[in-house]
1. Just the accessible area for F175, please: 1.4 Å probe, Å², rounded to the nearest 10?
2. Distance from a point 7 Å along Cα→Cβ of T12 to each backbone N in the range 108-136: keep the residues under 19 Å and list them by number.
3. With unit charges on the beta carbons (Lys and Arg positive, Asp and Glu negative) and the dipole taken about the Cα centre of the range 51-176, which residue among V103, F126, G74 sits farthest to the positive side?
4. So for the pair L28, S152, with labels modelled 7 Å out along Cα→Cβ, what separation do we get in nm?
5. If I fit a long axis through the Cα atoms of helix 259-279 and take the longest principal axis of the Cα atoms of the chain, what angle between them do I get, 0 to 90°, rounded to 10?
6. Just how much of W293 is accessible, in Å², when a 1.4 Å probe is used and the result is rounded to the nearest 10?
7. Quick check: residue separation of V124 and S99 times 0.36 nm, minus the Cα distance between them. What number comes out in nm?
8. Please work out the average accessible area per residue across the range 133-208, using the 1.4 Å probe convention, and give it in Å².
Amino acid sequence: MNDMNVDRPEPTPADLALQLERSFANLLATLALLEPVEIESARLEHGWTPKAVVAHVAFWDEVQLRRMQDAVAGRSATTGFVRPPESNDERAAGDDARSLDEVMAAAQSARRAMVEFAASLTPVQFAQGYAEGDNTLSLVERLTHMANHARSHARDIGAYCGSMRRWRRDGLRAFLVQQHANLLDSIAGLDEATILSTHVCGFWSIRDVLAHVLSWNEFGYLVMKGWPQVDHAAISPWINGSEDTINANLLAARADLDMIAIVDWLTTYHRRVLTRYDKLGDAELASSGDQGWGTQGELADLLYSLALHATEHAEDIWRFRAGEAPPPASPNLGEEPDQRRANDACSWTAA
């Protein structure tokens, strides 16, 4: 969980251009968790397909960009903002008939144009208000809203990715088993010196990556143990502080574990999760509860997210084994607190 009490400086045009770019990348990364047929035909909680969600984001990127351009040019000073005549649901129904390639191309083009607009603004243009009929338009507010708009819909798609609407009981269990196996297979045959000295995720070694995954698997078990409520005192090390501070503290708390202990604990928590899983019914897996960081969501989604987290870090190790250079470490800019590692090469919290 990110510390919401941290004072952040006022954003600049470059800051918001980056947020727009990264929030859209997060949307696409979340979409990529689905099979192509799911993107076209799955129904999210509000009834739209994932394809229609992407088309919706593209539509409003285009509309809001024209709105801001008109305001800056003074064209809407007297007329105000005229909303499109169709409702979002009406457009979503029509978007289902469009090809996925068309929708994706339109979305990428629309977001790119908005990013370029934000980056082109001078500090004076960025800071001032613009007459829009009886209202005043703030570019800071609009650009921030559009970055959040993409984040919000990425969450909608992400919630479906881990939901029991998508998975059947046996399918989700098999996914959990396979991702645990992928992680352990990623270190098979490596000697301890390589595991301790090879950096595969920023400044994290393979050993650090495994201890990091272990810490969050422990968190998942603690949340699952109390489902649908959670003992917040028990999970306080995982929820108090900034993302970087939390992950650093979790690693420090496991600094004394050797590789045998880390692998043993990874296996132990995997077995504990499966044991509880097998005792739960489908309705309990689909039930909404406290996921531990201040949000409500399905238990299935929590388990899926943690398995996906292990897979993403297994990929770090497999890339090393394939001879690929690790991605550079990136600072925690705080603009994507809920993404599934779409931007930051190493840091991950459940929030």
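1. Counting only protein heavy atoms, F175 exposes about 40 Å² to solvent.
2. 115-128
3. V103
4. Label-label distance for L28 and S152, simple model: 2.3 nm.
5. 70 degrees
6. Result for W293: roughly 40 Å² accessible.
7. Values: separation 25, 0.36 × 25 = 9.00 nm, distance 4.11 nm.
Taking V124 through S99 to full extension adds about 4.9 nm, to one decimal.
8. On the way: 3380 Å² over 76 residues.
Per-residue value: 45 Å².
The values are calculated or read from the model by the stated rules, or taken from the named source; none is laboratory data. What you see is a predicted model; the values in this text were computed from it and never measured. Neighbour counts run over all protein chains shown; Cβ positions are idealised from the backbone, glycine included. Surface accessibility is based on the protein's heavy atoms, side chains included, excluding ligands, DNA and RNA. Shrake-Rupley method; radii C 1.70, N 1.55, O 1.52, S 1.80 Å.
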